[in-house]
């Protein structure tokens, strides 16, 4: 008999859509507020759209000031997904790119890096609670790219 126990490691997250902390990618100073690694999905955080000071319009204005564009005529979508903790701080960022046919593809590294950095720089995410309890939640911004420029921010 072996008296040592091994922790069972699953290749699947404990909840569908969970983003697991990765010490190579994530800021070790970012703290989740819940007892576990679970965060609610973005649609639980706000009934009126994006839970951001000034709402989506403010994000659009900030993006316009940055003048982010590609020198290439690329089309598709760049999605940045992250966690907003109960203090309104963000962390655990992940990015996915796809072409206009929703096929995963790198569009333009410089453009995607700029949008990733822009998204990480946004301050003003609103903390939220459910049934009187402060929660962490997932949020995402999807940038629709047409001819190398952001034409729309989703959701």
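Some notes on this structure:
- Residues in the stretch 143-155 that are in a strand (DSSP E or B) and either surrounded by 15 or more Cβ atoms within 10 Å (Cβ to Cβ) or touching a residue at least 12 places away in the same chain (Cβ under 8 Å) (or both): 143, 144, 145, 146, 149, 150, 153, 154.
- Residue under evaluation residue 140, criteria (1) touching a helix residue (DSSP H, G or I) at 6+ places or on another chain (Cβ under 8 Å); (2) at pLDDT 95 or above; (3) in a strand (DSSP E or B); (4) surrounded by fewer than 20 Cβ atoms within 10 Å (Cβ to Cβ), criterion not met: (2)
- So residue 35, is it over 15 Å from residue 153 (Cβ atoms), over 13 Å from the mean Cα position of the chain (by Cα) and at pLDDT below 95: yes
- Filter result for residue 135 (surrounded by fewer than 18 Cβ atoms within 10 Å (Cβ to Cβ) and over 13 Å from the mean Cα position of the chain (by Cα)): no
- Scanning the stretch 117-132 for residues that are surrounded by fewer than 16 Cβ atoms within 10 Å (Cβ to Cβ), in contact with a strand residue (DSSP E or B) (Cβ under 9 Å, 6 or more places away or on another chain) and at pLDDT 90 or above yields 120, 123, 124, 126.
- Members of the stretch 67-80 found to be modelled with pLDDT of 95 or more and either out of contact with any helix residue (DSSP H, G or I) (no Cβ under 8 Å at 6 or more places or on another chain) or part of a helix (DSSP H, G or I) (or both), listed by number: 75, 76, 77, 79
- Among residues of the stretch 18-36 that are over 10 Å from residue 92 (Cα atoms), those with a beta-carbon under 8 Å from a residue that is at pLDDT 75 or above and exposed (fewer than 14 other Cβ atoms within 10 Å of the Cβ) at least six positions away or on a different chain give the pairs 33/87; 33/134.
The values are calculated or read from the model by the stated rules, or taken from the named source; none is laboratory data. Model, not experiment: these values are computed from the prediction. All Cβ positions, even for glycine, are placed from backbone atoms using ideal geometry, and neighbour counts span all protein chains on display.
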